[in-house]
1. Any residue in segment 128-145 that is over 15 Å from Cys181 (Cβ atoms) sitting within a Cβ distance under 6 Å of a residue that is open to solvent by less than 50 Å² (accessible area, probe 1.4 Å) and aliphatic (A, V, I, L, M)? List the pairs, counting only those 6 or more apart or interchain.
2. Considering only segment 128-138, I want to know if a residue exists there that is at pLDDT below 95, surrounded by fewer than 16 Cβ atoms within 10 Å (Cβ to Cβ) and in contact with a helix residue (DSSP H, G or I) (Cβ under 7 Å, 6 or more places away or on another chain).
3. Restricting segment 28-37 to residues that are surrounded by 19 or more Cβ atoms within 10 Å (Cβ to Cβ) and within 14 Å of Gly166 (Cα to Cα), which is modelled with the lowest pLDDT?
4. Looking at (1) out of contact with any His (no Cβ under 8 Å at 6 or more places or on another chain); (2) within 21 Å of Pro9 (Cβ to Cβ); (3) not β-branched (Val, Ile, Thr), can you tell me which one Met185 breaks?
5. If you scan segment 75-87, which residues turn out to be assigned to a strand (DSSP E or B) and without any contact (Cβ under 8 Å) to a residue 60 or more places away in the chain?
6. Quick check on Ala146: is it at pLDDT below 95 and either more than 18 Å from Cys91 (Cα to Cα) or buried (at least 17 other Cβ atoms within 10 Å of the Cβ) (or both)?
7. Test Met185 against the stated conditions and say whether it is modelled with pLDDT of 90 or more and either open to solvent by 50 Å² or more (accessible area, probe 1.4 Å) or acidic (Asp, Glu) (or both).
8. Name the one entry in Gly85, Gly117 that is surrounded by 14 or more Cβ atoms within 10 Å (Cβ to Cβ) and of a type in the set (Gly, Ala, Ser).
Amino acid sequence: MAITRIDLPIDENKIRELTVGDEVGLYGTIITGRDGAHKLMHEAIHAMQHGDPAQMAALDWLKPILLGSFIYHCGPVMVRETVGGIERWACRGAGPTTSSREEPYQWEVMRDHGIRGVIGKGGMGPKTLAGCVTYGCVYLHAIGGAAQVCAERITRVDGVDWMDLGSPEAIWHLWVERFPCIVTMDSHGNSLHQQVRETSTAALAGLQA
């Protein structure tokens, strides 16, 4: 199967051309975001909905970064190195984190921050799938257990925010080239994870009959 190249940022129409099973290679900037980052974004959205827009306004710097791009559920292993007399961050490991923890509010981040999807492992649930359909997003499954392989596709670290959360929970700005993923939830309501659960449940029922 041919690998579809995705240059970031990407628009909604191109994302809606993707379907479950498509193999993709990402090029451009993605950011990491785990529990801590999603919690802060969720709290800002919640505050805005209850008449306090200050927290959301404080995240205005984040929207241009997320617009048309992807959040990677990942706590990368970062080290400081000096190259040519210049100190910089380098990524040594970048395997995906289990995505289900972000299920309660991932759809809100899709809606309010303009992302085109998320990258992780294990899939997500009905709220996120509905968000993919409504807002034109996809869920991309990265290679679990291959943190070093994923890190090799991160050719540059362009910055970091919310370092006070700790390195694994911070938002890292990563430039990727041919970052390998597969579409397992698409904008048409298809979920490979749901299909596997249904098939497995039916097979188990047949064995128990």
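The values are calculated or read from the model by the stated rules, or taken from the named source; none is laboratory data. Values in this document were obtained by computation on a predicted structure and should not be read as measured data. Every residue, glycine among them, receives a Cβ derived from its backbone with ideal geometry; neighbour counts consider all protein chains shown. All accessible areas refer to the heavy atoms of the entire protein, side chains included, with ligands and DNA or RNA removed. Shrake-Rupley method; radii C 1.70, N 1.55, O 1.52, S 1.80 Å.
1. Leu129/Met185; Gly131/Met110; Tyr135/Met110; Gly136/Ile15
2. Taking every residue of segment 128-138 in turn, none turns out to be at pLDDT below 95, surrounded by fewer than 16 Cβ atoms within 10 Å (Cβ to Cβ) and in contact with a helix residue (DSSP H, G or I) (Cβ under 7 Å, 6 or more places away or on another chain).
3. Ala37
4. (1)
5. Listed by number, the residues that qualify are Val79, Arg80, Glu81, Thr82, Val83, Ile86, Glu87.
6. no
7. No, not satisfied.
8. The unique qualifying residue is Gly117.
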